[in-house]
Ligand code: NAP
Ligand code: G4F
């Protein structure tokens with residue numbers, strides 16, 4: 001799935017065939033494949049993540065040519081985009097994967113120079129807040145400095161792509177007002193949020209210093225059936241469905257009182273794209289405008305399965321954070337007014353989409369009579 005080099009798509013191809021009066025050379029222009037292309041080129045970091053996979057689907061539907069940066073891993077890390085696979089040997093391939101890393105400036109420079117994107121979406125990150133307390137320096141490198149490595153590559157090469165930075169509601173942290181909007185001051189509460197604060201400000205700085213079309217999407221929590229299994233929403237829906245089928249007894253969680261503004265990831269990637277199509281570059285809060293506690297998420301998921309979570313959930317202090325973000329609630333009024341964006345999936349619908357999906361996974365696991373050890377062990381590995 002991943003190409004080792006960065007093959008530039010061919011704009012012209014030649015073929016020699018036998019015609020009725022001797023050999024004929026056919027010259028073919030690939031109008032959607034290179035500099036002759038009328039369609040846009042997007043480069044996505046973090047393409048293998050939850051948001052990267054939905055954004056890729058959206059951009060391919062919109063006829064973009066998409067390049068994705070994938071980091072080398074000893075096991076497959078492309079499951080979320082495998083259904084989008086296109087043979088890189090075909091000249092008209094619209095999705096190409098390239099090895100690179102946000103920690104490696106030289107790979108980023110090479111990729112930008114060779115792909116010459118119209119739009120860059122910087123979604124790559126060490127994105128787990130709890131884990132950022134365990135690997136703070138690494139998180140700063142990838143989730144913070146990764147952004148400036150891309151921005152500097154843009155500046156050095158002299159290209160003018162539009163740039164999207166995946167900023168986060170974690171920036172508001174110990175929030176100074178409710179709801180939070182673009183003008184709410186930041187008070188980051190984790191190494192992850194501190195790294196994202198740097199990335200936010202450097203994005204604004206490159207917009208102001210070099211006139212780059214650079215935007216921050218300050219996205220509140222968004223979940224889906226593709227959410228990583230150690231984030232609380234998916235941890236709950238995976239466990240609840242496995243408990244329902246007798247594959248698991250207990251679910252160990254941390255702080256049940258934390259409140260989040262939870263939306264559906266597919267809606268949120270639409271907002272990323274909309275920001276880069278606006279007349280002017282700017283920063284936008286993307287949120288549903290509703291907040292719910294982890295306890296309410298448990299109520300919704302377990303009740304849907306006719307289960308009582310209090311019989312199954314236990315708290316484990318390893319899942320608590322040294323500093324917690326107690327309440328996030330976003331006001332996406334600016335995005336609604338300027339971009340015309342609004343969420344389409346309610347909290348109840350989101351939980352049900354995730355439970356329905358995970359129930360099928362649990363049923364398949366049950367039918368195969370094999371316990372998925374990655375899920376079974378998830379409560380005891382590490383501290384997430
Ligand atoms: P995710 O599922 O954790 O995906 C993160 C992506 O970053 C993965 O593709 C990962 O690759 C890649 N990555 C990690 N380290 C990298 C490195 N050193 N170099 C290049 N790529 C690297 O995150 P997500 O939920 O899709 O979120 C997308 C972005 O939005 C992240 O920046 C996140 O911090 C931010 N954000 C998310 C939310 C949310 O609620 N989901 C809210 C606000 C902001 P592997 O697949 O190989 O691990
Ligand atoms: O699902 P979470 O780990 O998401 P968190 O920390 O809000 O971060 C996510 O959203 C951010 C946007 O606001 C993104 F920027 C970030 O990349 C990530 O996608 O935890 C949500 C809440 C927290 O308060 C946490 O303490 O759930 C609480 N929680 C309770 N028990 C738990 C657990 N979180 C996790 N991961 N695991 C637990 O067992």
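Please treat every number below as a calculation from the coordinates, not as lab data. All values reported here derive from a predicted model rather than from experimental measurement. Note that each Cβ is placed from the backbone with ideal geometry, even for glycine, and that neighbours are counted across all protein chains shown.
Using a Gaussian network for the chain with springs between C-alpha atoms less than 10 Å apart, which of these wobbles most: 233, 74, 167?
Highest fluctuation of the listed residues: 74.
Under 37 °C and 0.692 mPa s, how fast does the chain diffuse according to Stokes-Einstein, given a Kirkwood radius computed over C-alpha pairs? Answer in µm²/s, whole number.
Stokes-Einstein gives a translational diffusion coefficient of 148 µm²/s.
At residue 39 and residue 60, where each label point lies 7 Å from the Cα along Cα→Cβ, what is the point-to-point distance in nanometres?
Between residue 39 and residue 60, the label points sit 1.0 nm apart.
Would you mind classifying segment 30-160 by shape? Square roots of the alpha carbon gyration tensor eigenvalues, ordered a ≥ b ≥ c; an a/c under 1.5 is rounded, otherwise it is prolate if a/b is larger than b/c and oblate if not.
oblate
What angle, in degrees between 0 and 90 and rounded to the nearest 10, separates the Cα long axis of helix 105-115 from the longest principal axis of the Cα atoms of the chain?
The two axes meet at around 50 degrees.
Hey, what angle do you get for helix 347-368 against the long axis of the chain, alpha-carbon based, 0 to 90 degrees rounded to 10?
On a 0 to 90 degree scale, this one is about 90.
Sum -39500 (n - 2.57) across every DSSP H segment of at least 4 residues in the chain, then divide by the residue count to get the 222 nm mean residue ellipticity, nearest 500.
Value at 222 nm, helices only: -10500 deg cm²/dmol.
Only Cα pairs within less than 10 Å get springs; with that Gaussian network setup on the chain, which residue of 278, 214, 240 has the largest fluctuation?
The residue with the greatest mean-square fluctuation here is 278.
Once fully extended, how much extra length lies between residue 306 and residue 157, figured as 0.36 nm per residue of separation less the alpha-carbon to alpha-carbon distance?
47.9 nm
Connecting C-alpha atoms closer than 10 Å in a GNM of the chain, tell me which of 259, 165, 86 has the biggest fluctuation.
Checking each option, the largest mean-square fluctuation is seen for 86.
Return the distance in nm (one decimal) between the two label points of a simple spin-label model at residue 316 and residue 250, each offset 7 Å from Cα along Cα→Cβ.
Roughly 0.8 nm, to one decimal.
For the residues 186, 172, what sequence is obtained by ranking on other C-beta atoms within 10 Å, fewest first?
Going from least to most buried by this count: 186, 172.
How far is it, in nm, from the label point at residue 89 to the one at residue 366 when both lie 7 Å from their Cα along the line to the Cβ?
So the label points at residue 89 and residue 366 sit 4.4 nm apart.
Relative to the first principal axis of the alpha-carbon coordinates of the chain, what is the inclination of helix 294-304, with its axis defined by its Cα atoms, in degrees from 0 to 90 and to the nearest 10?
90
Classify segment 107-195 from the C-alpha gyration tensor, please: rounded if a/c falls under 1.5, else prolate or oblate depending on whether a/b exceeds b/c.
Oblate.
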